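Colleague: Take this structure first; my questions come after.
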Amino acid sequence: MLSIQLTRSVNSGPLYKQIYQALKQQILEGILAEHDQLPSKRELADYLHVSMNSVISAYQQLIAEGYVYTKERRGYFVEALDAFIAVPEEEIFPEELIEKRSPAYLFSFSHMNADASLFPFRAWQHCEQQALRHYAASLDNLEHPQGQWLLREEIARTIGRTRGVRCRPEQIVLGASTQWLFDLLAMICDKHALFAVEHPGYQRIYQQLHASGRPVLPITVDYKGMSPQELEESGASIAVVTPSHQMPTGLIMPVSRRIQLLNWSYKEEGRYIVEDDYDAEFKYEGDPIPALHSLDDLKRVIYVGTFSKSLLPGLRLSYMVLPPALLAVYKHHASHLMQTSSSLIQLALYVFIKSGEYQKHIKRMSKHYKTIRAELIEALHDKFGSSISITGEKAGLHFLMEINTPRPTGAILEKAKEHRLELYGMDRFWLKETTPAEGRPVIIIGFARLRSQDIASAVSLLHHCCFDKA
């Protein structure tokens with residue numbers, strides 16, 4: 001009879017699983033050879049002092065996985081299995097693949113966050129319940145590859161009203177992230193199209209386009225935005241820009257430069273501008289500036305928006321407005337791709353916008369961020385005095401701060417890390433292989449996760465990282 005040891009303690013698991021595991025191990029080790037007959041269900045049950053059901057369940061699992069087969073009226077037999085070629089080695093997980101947990105920061109100047117503490121979770125939960133109550137039937141089928149029609153319709157109305165983007169719901173493609181939408185864009189654009197991106201600019205999009213096999217050229221950003229002359233000379237046919245709040249400089253592209261870029265796109269067929277409007281909901285001086293898309297009469301602007309900044313990054317929902325010509329290409333070549341964003345989140349967001357909760361939240365957060373931004377800038381000037389200059393603070397959730405200090409950027413960032421202060425420099429936005437000569441340190445100051453009562457302490461700690469030796 002087989003040698004099987006069973007443990008009947010609470011933490012040992014069901015008996016049938018113990019029997020299954022013991023038999024499987026003996027088969028894999030060759031103790032039970034191919035075509036060996038196993039004991040009958042009753043024999044094994046009596047031998048192990050277990051119920052017949054436990055043995056039956058173990059045998060059924062072994063049959064399902066292919067370790068055992070049956071012969072009618074003869075019983076159970078070991079399946080013929082090839083031996084593993086690989087010789088087991090001591091398992092050593094590569095050090096470079098071990099995930100390092102993010103430190104618990106005391107304060108954060110990160111430009112990548114939104115303030116979750118002020119998100120109206122109760123209202124959102126109500127919108128989810130409403131979505132389930134009224135639209136649950138749409139969850140039992142694969143949704144449209146471009147996303148839920150109701151949400152696309154509501155987004156078209158919203159961005160038409162708030163950003164001047166004139167489009168139909170059919171032009172909108174939803175996705176779980178802006179990065180996924182850029183993957184899609186790279187797929188449907190002409191295979192010979194050369195992409196141009198802002199320099200300094202968003203590193204992830206630059207790397208993503210590279211990874212997709214697309215040639216990508218960094219184009220210098222001057223005090224108005226992407227250089228039209230350098231863009232023209234580059235031979236690029238698709239320009240990716242952030243005109244409402246350039247990442248990372250924070251500058252707002254004036255209409256003169258917007259017209260120049262549009263005229264560049266109009267000169268040749270197949271030229272497009274991708275407008276990444278990632279945090280345009282927040283502007284603190286004057287009225288909101290309409291999107292670049294609003295000036296485009298020849299359908300050359302691809303508008304990209306996200307709810308990561310206005311709501312929560314964890315909702316994972318972005319959208320892209322395709323010009324009709326590219327929409328036709330998408331329909332032909334990419335409409336087989338399944339939608340990547342949760343249908344329930346899409347429907348809840350539809351209810352959230354339709355009910356007015358979205359605009360209430362934007363209004364509330366704009367007021368909050370404006371207050372935090374003003375308090376932070378005042379605290380920085382009080383603490384740092386004339387040793388700093390601030391730019392790009394008129395919109396969005398971050399600005400730049402240049403510091404007159406002998407300490408290099410790398411040393412400031414290292415000091416910040418030691419003191420659990422989340423802080424980033426311009427190096428992460430430098431796209432060209434040759435880095436600029438080190439001048440005065442320039443750091444990114446994000447303020448979305450700062451609380452009013454923490455500003456003084458956070459600024460003092462930042463000053464310590466920039467100047468103090470201890």
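The values are calculated or read from the model by the stated rules, or taken from the named source; none is laboratory data. Please read all numbers here as calculations on a predicted model, not as lab measurements. Don't worry about glycine lacking a Cβ; one is built from the backbone with ideal geometry, like all the others, and counts go over all protein chains shown. For the accessible areas, the whole protein counts, side chains as well, though only heavy atoms, and no ligand, DNA or RNA atoms are used. Shrake-Rupley method; radii C 1.70, N 1.55, O 1.52, S 1.80 Å.
Colleague: For His111, list long-range residues whose amide hydrogen, built 1.01 Å from N in the peptide plane, is under 5 Å from its own amide hydrogen.
Modeller: The list, which skips near neighbours in sequence, is Gly446.
Colleague: So what J values fall out for region 332-348 if you push phi through Karplus, 6.51 cos²θ - 1.76 cosθ + 1.60 with θ = phi - 60°, rounded to Hz, Gly and Pro as x?
Modeller: After applying 6.51 cos²θ - 1.76 cosθ + 1.60, I find 7, 10, 10, 6, 6, 6, 6, 4, 9, 9, 4, 4, 5, 5, 4, 5, 5 Hz.
Colleague: Say R0 is 45 Å: what FRET efficiency, to the nearest 0.05, do Ser355 and Val255 get from their beta-carbon distance?
Modeller: E(calc), rounded to 0.05, equals 0.85.
Colleague: Please calculate how many Å² of accessible area region 202-328 carries per residue, with a 1.4 Å probe and no DNA, RNA or ligand atoms counted.
Modeller: 38
Colleague: Counting only protein chains, not ligands or nucleic acids, how are Val165, Val221 ordered by accessible area (probe 1.4 Å), most first?
Modeller: Val221, Val165
Colleague: While we're here: Taking only Cα atoms, what is the 0 to 90° angle, nearest 10, from helix 357-384's long axis to the longest principal axis of the chain?
Modeller: With rounding to tens, the tilt is 70 degrees.
Colleague: Amide H of Val197 versus every other amide H placed in the peptide plane: which residues, excluding those fewer than 5 positions away on the same chain, fall under 5 Å?
Modeller: Amide H to amide H, under 5 Å and 5 or more residues apart or across chains, Val197 pairs with Leu217, Ile219, Val240.
Colleague: In the full protein assembly as shown, how much of Ser177 is accessible to a 1.4 Å probe, in Å² to the nearest 10?
Modeller: Answer for Ser177: close to 20 Å² accessible.
Colleague: Roll a 1.4 angstrom probe over the protein heavy atoms and tell me the percent of accessible area of region 71-214 that is carbon or sulfur. Can you show the working numbers first?
Modeller: Working: 4730 of 8960 Å².
Exposed carbon and sulfur together represent 53 percent of the surface.
Colleague: I'd like to check one number: the per residue accessible area of region 49-90, probe 1.4 Å, reported in Å² as a whole number. Walk me through the numbers before you get to the answer.
Modeller: Values: 3190 Å² over 42 residues.
Counting only protein heavy atoms, the per-residue value for region 49-90 is 76 Å².
Colleague: Can you work out D for region 316-411 in µm² s⁻¹ from Stokes-Einstein, where Rh is the Kirkwood radius over C-alpha pairs, the temperature is 4 °C and the viscosity is 1.567 mPa s?
Modeller: D = 71 µm²/s.
Colleague: What are the ³J(HN,Hα) values, in whole Hz, obtained from phi via the Karplus relation 6.51 cos²θ - 1.76 cosθ + 1.60 with θ = phi - 60°, for each residue of region 30-36 in sequence order, with x given for Gly and Pro?
Modeller: x, 5, 9, 7, 4, 6, 5
Colleague: Sticking with this one: Give me the accessible area of Thr70, 1.4 Å probe, in Å² rounded to the nearest 10.
Modeller: In the full protein context, Thr70 sits at about 80 Å².
Colleague: Additional query: Grab the DSSP H runs of the chain that are 4 residues or longer, score each as -39,500 (n - 2.57), total them, divide by all residues and round the 222 nm result to the nearest 500 deg cm²/dmol.
Modeller: That calculation yields -12000 deg cm²/dmol at 222 nm.
Colleague: Quick check: residue separation of Thr162 and Lys394 times 0.36 nm, minus the Cα distance between them. What number comes out in nm?
Modeller: Result for the pair: 81.7 nm of gain on full extension.
Colleague: I want the antiparallel fraction of DSSP beta bridges within the chain, as a percent rounded to 5.
Modeller: Here the share of antiparallel DSSP bridges comes out near 60 percent.
Colleague: Taking H placed 1.01 Å from N in the peptide plane, check which residues at least 5 places from Gly425 or on another chain put their amide H under 5 Å from its amide H.
Modeller: Ile444
Colleague: Here is a further query. Can you give me the Kirkwood hydrodynamic radius for region 15-78, using every pair of distinct Cα atoms, in Å to one decimal?
Modeller: Every distinct Cα pair counted, the radius reaches 11.6 Å.
Colleague: If you don't mind, there's one more thing I want to ask. Rounded to the nearest percent, how much of the accessible area of region 360-467 (1.4 Å probe, protein heavy atoms only) is carbon and sulfur?
Modeller: It is 49 percent, rounded to a whole number.
Colleague: Would you kindly find the accessible area of Leu174, with a 1.4 Å probe and non-protein molecules such as ligands, DNA and RNA excluded, rounding to the nearest 10 Å²?
Modeller: Counting only protein heavy atoms, the figure is 0 Å².
Colleague: Listed here are the pairs Lys100/Lys432; Lys367/Lys432; Lys191/Lys299; which of them are more than 30 Å apart at the Cα?
Modeller: Going by Cα-Cα distance, Lys367/Lys432 fall outside the 30 Å limit.
Colleague: Whole angstrom only: what separates the Cα centroid of region 205-222 from the Cα centroid of region 1-66?
Modeller: Measuring centre to centre over Cα atoms gives 58 Å.
Colleague: Just to confirm my numbers, what's the Cα centroid distance between region 290-335 and region 345-418 in Å?
Modeller: What the calculation gives is 25 Å, centre to centre.
Colleague: Over region 380-462, average the accessible area per residue using a 1.4 Å probe and give it in Å², no decimals.
Modeller: 49
Colleague: Order the following by accessible area, largest value first: His361, His35. Probe radius 1.4 Å; ligands, DNA and RNA are ignored.
Modeller: In descending accessible area the options line up as His35, His361.
Colleague: I would also like to ask the following. How far, in degrees from 0 to 90, does helix 121-135 lean away from the longest principal axis of the Cα atoms of the chain, to the nearest 10?
Modeller: The angle comes out at about 60 degrees.
Colleague: Next question, about the same structure. Taking the Cα centre of the chain as the origin and placing charges on Cβ (Lys, Arg +1; Asp, Glu -1), which of Ser387, Gln60, Tyr20 is farthest toward the positive end of the dipole?
Modeller: Selected residue: Ser387.
Colleague: Starting from the Kirkwood Rh over alpha-carbon pairs, what translational D in µm² s⁻¹ does region 2-150 have by Stokes-Einstein at 37 °C and 0.692 mPa s?
Modeller: Translational D for this selection: 151 µm²/s.
Colleague: Follow-up question, since we're still on this one. Provide Rg and Dmax in Å for region 119-357, with only Cα atoms included in the calculation.
Modeller: Just the Cα atoms of region 119-357 yield Rg and Dmax of 17.7, 56 Å.
Colleague: Continuing with the same structure: Using a 1.4 angstrom probe with every protein chain in place, what is the largest-first accessible-area order of Ile56, Ile259?
Modeller: The ranking, largest first, comes out as Ile259, Ile56.
Colleague: Taking the Cβ of Ser343 as the center, what net charge do the other residues with Cβ under 14 Å away carry, scoring Lys and Arg +1 and Asp and Glu -1?
Modeller: -1
Colleague: In degrees, nearest 10, range 0 to 90: what is the angle between the Cα axis of helix 455-467 and the longest Cα principal axis of the chain?
Modeller: 80
Colleague: With +1 assigned to the C-beta of every Lys and Arg and -1 to the C-beta of every Asp and Glu, and no other charges, what is the dipole magnitude of the chain about the Cα centre in debye, to the nearest 20? Please report the intermediate quantities before stating the final value.
Modeller: Working: 51 positive and 54 negative charges, 330 e Å.
Here the chain has a charge dipole of around 1580 debye.
Colleague: While we're here: Could you point to the label whose value was computed as Kirkwood radius over Cα pairs in Å for the structure here, given [x] 26.6; [y] 21.8; [z] 22.6?
Modeller: It is the value labelled [x].
Colleague: With a sphere of radius 13 Å drawn around the Cβ of Arg440, what net charge do the other residues whose Cβ falls strictly inside it have (Lys, Arg +1; Asp, Glu -1)? Don't skip to the answer; put the middle values down first.
Modeller: Working: positive: Arg407; negative: Glu402, Glu438.
With Lys, Arg at +1 and Asp, Glu at -1, the neighbours total -1.
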